[in-house]
Amino acid sequence: MRKTNFAEMLVDSMNVQDLENCKAEGNTAFCLAAITGNLKIAEIMLRKNSGLPWIRGQKDMLPIQLASSAGHIPMTEFLFQALQEDLHNSIPFQDLVKLFFFAINNNIYSVASKLLERYPKLVVAKENNVGLTPLQMLAQLSLFKETIGHQDIVSSLFKGMEQEKESLNNVQLSKAMFDAAKSGNIVILEFLFKYHPYLLFEVDSREQRNLLHIAILYRQETVYRLILNQGDSKNVMIQLVDFEGNNVLHLAGKLAQPEARFGLPRTYVLMRKEEIWFKEVEKIVPPAMQTMRNKDGLTPKELFYWSHKELHKESIAETTALANTLIVVATLIITLGISIFVTIPIKDIDSTTTPIFRKKTWYTIFFLSVGFETCFCASSILFYASAIFPPDIEPKDQSVHVQEKKIIFGSLSLFLSGGTMLTTIISGATLIFDFLSNWGPYFTLGLGLLVFVVHFTLDYTLWSSIVTHFVLSFSKVALEKLTRLLWTIPKSMDPISLCQTRKA
């Protein structure tokens, strides 16, 4: 119950042997503290009786095993620190194996790394339930470089494999590599390429797929980029065709695996990702492979349209419904702006009774803000309308990615229109109610800015991703244009071409 003070009073009034009683399902009180992760009470009991960490609890497990199986990182690290001097001499190796796999499964990599450094034989140990080696278990986890300590455990694992004579065989290494590619675990792949570079060209004997096929099929962009950075090896890997006659572009045209689709909120987001992914893979394949047919007689594009037919239909309907909703909002805003514009009274233009500015200045601010608001609203309506009405082409050629961009641009215009509406309200209220005090416009402006600050705070991730996307897209296009320009200049200044031009 985490009653630390009361527990400390109880421990002080008990004998040392009393703490060794096993009453709760075979657990001592120290085992219960390990299971619940109660570090403070565990320290109190350990000071009273230093032998408690060696008394087994339920399922004949030591307290450190109970803590690691429950995923309590601080408790496991504390018990390991208390036991590490006598750990090897006091418990059998099989208990060390169990502790090691508990630590891996629950991301307690600090303890797992220290166990590996001290007992290199753990690299070839197998987990009792599924029979996987530590490398295979780590490869199936979707780990990233931001995960604390996971790179250390991988490094320790490969160092142990180098020290241990009885290392993993090629089949186990190959399976670990393909599992890492499916889960996007690039750290495992980096170490595999470093210690076993030949694995890059390994082919799955059952489905005849290499690492590039797996990365494309499971939509693992980080693995895909890692392979492309391995020099010209991708040119060899691209040529392989799998057991169904599919090349890499065919696999990009297949619908994403359920693992890659988990958690996406809308169908048009998935469809947009699928379109971008297909075009990205299309850039690296030669023209002949873009028209190659598989065993079903389909080219990559035909396979893409066939497998994404239903998803495409749902995505188009979803984006159209979204654009319809937003166009109503834009129409209401532009109607409000125009109605305010035509009803504002124009009188005493040269008056100086208004706060902050002269009345003429307030009129100027008002009409300019209404103009900007109307223009932004009109542009958003045009963007939404172009997203609603499909172009005069085949429905299958209608890109969800383009539709989504139209909606994004329309939403940005609508957002700017809402921002300028704040200026319209302040200037309009000042002109109508010219008896307002000087603090009135300031108060209204501050209140409006507070709303925008709260909005940006809540949607910071969304706006940062939008800005980053547009900046990267613009810089990429600008770089391509500049490269083409610099490429054509030397040709035009070539002396031979100049002489030929003069002779002509």
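The values are calculated or read from the model by the stated rules, or taken from the named source; none is laboratory data. It should be emphasised that the depicted structure is a prediction, and the values quoted were computed from it without experimental measurement. Cβ sites come from the backbone with ideal geometry, for glycine too, and all protein chains shown count toward neighbours.
Things worth noting here:
- Of all positions in the range 245-260, at least one carries a residue that is at positive phi, at pLDDT 85 or above and not in a helix (DSSP H, G or I).
- The number of residues in the range 129-150 being more than 19 Å from the chain's Cα centre (by Cα) and either aromatic (Phe, Trp, Tyr) or at pLDDT 75 or above (or both) comes to 8.
- Contact map, the range 317-328: residues that are touching a residue at least 24 places away in the same chain (Cβ under 8 Å) and assigned to a helix (DSSP H, G or I) paired with residues that are charged (D, E, K, R) and surrounded by 13 or more Cβ atoms within 10 Å (Cβ to Cβ), Cβ distance under 7 Å, separation 6+ or inter-chain. Pairs shown: Glu318/Arg266; Thr319/Glu404.
- Here the helices (runs of 4 or more DSSP H) wholly within the range 1-119 that include at least 3 residues being surrounded by fewer than 17 Cβ atoms within 10 Å (Cβ to Cβ) and modelled with pLDDT of 90 or more are 4-12, 39-48.
Yes or no, residue by residue, for (1) farther than 21 Å from Thr343 by Cα; (2) modelled with pLDDT of 80 or more; (3) part of a helix (DSSP H, G or I); (4) more than 34 Å from the chain's Cα centre (by Cα):
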{"position": "Lys396", "(1), (2), (3), (4)": "yes, no, yes, no"}
{"position": "Ser411", "(1), (2), (3), (4)": "yes, yes, yes, no"}
{"position": "Leu416", "(1), (2), (3), (4)": "yes, yes, yes, no"}
{"position": "Thr423", "(1), (2), (3), (4)": "no, yes, yes, yes"}
{"position": "Ala429", "(1), (2), (3), (4)": "no, no, yes, yes"}
{"position": "Asp434", "(1), (2), (3), (4)": "no, no, no, yes"}
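- Which numbered condition Lys59 misses (of (1) in contact (Cβ under 8 Å) with a residue 40 or more places away in the chain; (2) closer than 26 Å to Asn105 by Cβ): (1)
- Only residues that are assigned to a loop (DSSP other than H, G, I, E, B) and touching a helix residue (DSSP H, G or I) at 6+ places or on another chain (Cβ under 9 Å) were counted in the range 152-186, giving 6.
- Any hit, the range 18-29, residues being without any contact (Cβ under 8 Å) to a residue 12 or more places away in the chain, over 23 Å from Leu115 (Cα atoms) and of a type in the set (D, E, K, R): yes
- Selected residue (criterion: nearest to the chain's Cα centre (by Cα)) from residues of the range 199-238 that are among the small types (Gly, Ala, Ser) and closer than 18 Å to Val285 by Cβ: Ala215
- Test: residue in the range 385-392 that is modelled with pLDDT under 80, surrounded by fewer than 18 Cβ atoms within 10 Å (Cβ to Cβ) and aromatic (Phe, Trp, Tyr): yes
- Residue in the range 217-231 that is within 25 Å of Lys301 (Cα to Cα), in contact with a His (Cβ under 9 Å, 6 or more places away or on another chain) and not in a helix (DSSP H, G or I) present: no
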